[in-house]
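For reference, the structure discussed in these notes is given below.
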Amino acid sequence: MPRPKRCRRIGRRPEFNYFKPSGVRRRDLHTIVLETDEYEAIRLKDLEGLDQEGASKRMNVSQPTFHRLIVNARRKISDAIVNGKALRIEGGHVLFQDQ
């Protein structure tokens, strides 16, 4: 039986939750789902410039878990950009800090 997932803390809700290439109808696109915790990992590491230790503490996860989140998020974002796919932010086992 797997260990229960820890609730991941998210600093703020994403202001925007859907991105797509311009000039292509939404129904013609393949959509990739970026989970909210992956979004938060990207925000903390790449936008705020935190190191993995500080960012993992803010999210209430271990460093190896944070690293997996970053790797998965970057792969999904790269796939969306390179292959012209839509990106939707949703889901995940998260707790917003404004709650």
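Does Leu34 qualify as being buried (at least 16 other Cβ atoms within 10 Å of the Cβ), modelled with pLDDT of 90 or more and aliphatic (A, V, I, L, M)?
Details: buried (at least 16 other Cβ atoms within 10 Å of the Cβ): yes; modelled with pLDDT of 90 or more: yes; aliphatic (A, V, I, L, M): yes.
Yes: the conditions hold for Leu34.
Considering only region 79-95, state which residues are part of a helix (DSSP H, G or I) and either within 17 Å of Pro14 (Cβ to Cβ) or among the charged types (D, E, K, R) (or both).
Asp79, Ala80
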Checklist entry - Which of the residues that make up region 1-25 are at pLDDT 90 or above and either of a type outside the set (D, E, K, R) or part of a helix (DSSP H, G or I) (or both)? => result Phe16, Asn17, Tyr18, Phe19, Pro21, Ser22, Gly23, Val24
Checklist entry - What are the residues in region 79-99 that are among the aliphatic types (A, V, I, L, M) and in contact with a strand residue (DSSP E or B) (Cβ under 8 Å, 6 or more places away or on another chain), if any? => result Ala80, Ala86, Leu87, Ile89, Val94, Leu95
Checklist entry - Applying the selection to region 66-79, what residues are within 13 Å of the chain's Cα centre (by Cα) and either closer than 17 Å to Glu90 by Cα or not aliphatic (A, V, I, L, M) (or both)? => result Phe66, His67, Arg68, Leu69, Ile70, Asn72, Ala73, Arg74, Arg75, Lys76, Ile77, Ser78
Checklist entry - Are any residues in region 45-64 outside any loop (DSSP other than H, G, I, E, B), without any contact (Cβ under 8 Å) to a residue 24 or more places away in the chain and surrounded by 12 or more Cβ atoms within 10 Å (Cβ to Cβ), and if so, which ones? => result Asp46, Gln52, Gly54, Ala55, Ser56, Lys57, Gln63
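A quick yes/no check of all residues on (1) in a helix (DSSP H, G or I); (2) farther than 16 Å from Gly11 by Cα; (3) touching a residue at least 40 places away in the same chain (Cβ under 8 Å):
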{"residue": "Glu38", "(1), (2), (3)": "yes, no, yes"}
{"residue": "Phe66", "(1), (2), (3)": "yes, no, no"}
{"residue": "Val71", "(1), (2), (3)": "yes, yes, no"}
{"residue": "Ile77", "(1), (2), (3)": "yes, yes, yes"}
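The values are calculated or read from the model by the stated rules, or taken from the named source; none is laboratory data. Computed from a prediction, not measured in an experiment: that's the story for all the values here. Cβ atoms come from the backbone with ideal geometry, glycine included; neighbour counts cover every protein chain shown.
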